1. Check off (1) assigned to a loop (DSSP other than H, G, I, E, B); (2) out of contact with any Ser or Thr (no Cβ under 9 Å at 6 or more places or on another chain) for Cys250 and give me the number that stays unchecked.
2. Of the numbered conditions (1) in a strand (DSSP E or B); (2) among the basic types (Lys, Arg); (3) surrounded by fewer than 14 Cβ atoms within 10 Å (Cβ to Cβ), Lys301 satisfies every one except a single condition; which is it?
3. Just checking, does the range 179-191 include any residue being buried (at least 18 other Cβ atoms within 10 Å of the Cβ), within 28 Å of Cys250 (Cβ to Cβ), assigned by TED's automatic domain parsing to the domain that holds Leu54 and touching a residue at least 24 places away in the same chain (Cβ under 8 Å)?
4. Please tell me if Glu111 is surrounded by fewer than 18 Cβ atoms within 10 Å (Cβ to Cβ) and more than 18 Å from Leu190 (Cβ to Cβ).
5. What number of residues within the range 62-90 satisfy the criterion of being outside any helix (DSSP H, G or I) and either farther than 23 Å from Gly146 by Cα or basic (Lys, Arg) (or both)?
6. Does the range 7-41 hold any residues that are more than 22 Å from Ile118 (Cα to Cα), hydrophobic (A, V, I, L, M, F, W, C) and assigned to a strand (DSSP E or B), and which are they?
7. Quick one: would you say Asp133 is out of contact with any strand residue (DSSP E or B) (no Cβ under 7 Å at 6 or more places or on another chain), among the charged types (D, E, K, R), in contact (Cβ under 8 Å) with a residue 40 or more places away in the chain and not in a strand (DSSP E or B)?
8. For the range 332-348, how many residues are part of a helix (DSSP H, G or I) and surrounded by fewer than 23 Cβ atoms within 10 Å (Cβ to Cβ)?
Amino acid sequence: MYTIKTTDLILKKQTKREHFFSKELRVISRSGLHMIEKNLIEQLREYGTDGEILILENRTGVLPMAYQHFYPNSNIDVQNLDIHHSKTVLRTFKQNEFNKLTPETKATLDETKKYDLIIFQLAVDVETELIQDILQQIHISLNKNGFLIISRIGKSQFILNNLKTIFGGSSLLQGKKSGQVDIAKKKNELKKIKNFKANFELTLTEKQPILLASIPGVFAHRRVDQGALAIIESIELKEKEVILDLGCGCGSMGITLGKQNETTEVHFVDSSARAIHMTNENAEANQLENYFVHLSDEGIKKKNHFTLVVGNPPYFSDYKIAEMFLQNAYNNLKKGGRIFIVAKSIEWYIERMQSLFGNQQILNRRGYKIITSTK
């Protein structure tokens, strides 16, 4: 029996133990695998193959390890869009002393590399345009007669319509309330490639427009985020600011602030490889000098380095990400440095920033609340 662990817990009553293929494979986890991944594992013995394999958007490391075990002669790549998921996969690999694969975090698939099979573990919260973009990339990256296997929950007609448009059709391998698995074969090259990139401008009174571009999966795709604009308009820059843009998205805040002060040093942080990719592209397009990008889900460590931190934390995760933003700001700001956070619900921020910085002020702009503190 091949055993894969995703938890350090050892007591049986503390863990969930799942078996596959007449107990050839056992997975020990805290609460069990997500059905999207379980459904894919169940298809491995019948539809897996040796050759060039890409496992896309796996979030535990179990599926890649299982595939490598059952198909040891295959060459497997493991890729995610977010560094947080890649780190989780790597943690599982290390916990099981598995060093045959290394997860990568990339904005797009490598068009120069071709695969015989791509397995796409589609999370339930992925926006539709990003799904379309990824499916098109998958088709381009497959060898002729190569296969896509996609596991999903919901969005059935949307997925089927796009598989028909891109692949010419698909077959259902598994269909039940707990999830569906489809398979599609690449028969020919696409006649037309859709461009999902959007170009737009951020304009301020009496300032040179900032040229921006975004792709699906990047926050505020196709538009200037009004919360980010509210922060930009609320800040009176000082000379020689050193700026940290946390959760930078396409980089709109850091780039705009940096272009207003040519001596500014700007650092951009995001856990999304697609966000970092577009930030870098936008910074170059606007000829921003002295900037740095960081792909990270933990912020950065440059203690007492910055004079200004800006952020637009996501409205989920029970303020875990917001707490990381604030701790990063406090640790990395110089004395007298400022933080500006935009939020729709401010009660938690008022209390936490007062506790952390000893002061806070609320600004109103464009229907948003801007909370600012000084270290």
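The values are calculated or read from the model by the stated rules, or taken from the named source; none is laboratory data. Worth saying up front: this structure is predicted, and the values here are computed from it rather than measured. Ideal geometry is used to build each Cβ from the backbone, glycine not excepted, and the neighbour counts take in all protein chains shown.
1. All conditions pass for Cys250, except number (2).
2. The failed condition is (1).
3. no
4. For Glu111, the condition - surrounded by fewer than 18 Cβ atoms within 10 Å (Cβ to Cβ) and more than 18 Å from Leu190 (Cβ to Cβ) - is not met.
5. The qualifying residues number 1.
6. Within the range 7-41, Val27, Ile28 meet the criteria.
7. Considered against the rule, which asks whether it is out of contact with any strand residue (DSSP E or B) (no Cβ under 7 Å at 6 or more places or on another chain), among the charged types (D, E, K, R), in contact (Cβ under 8 Å) with a residue 40 or more places away in the chain and not in a strand (DSSP E or B), Asp133 comes out as yes.
8. Here the count works out to 2.
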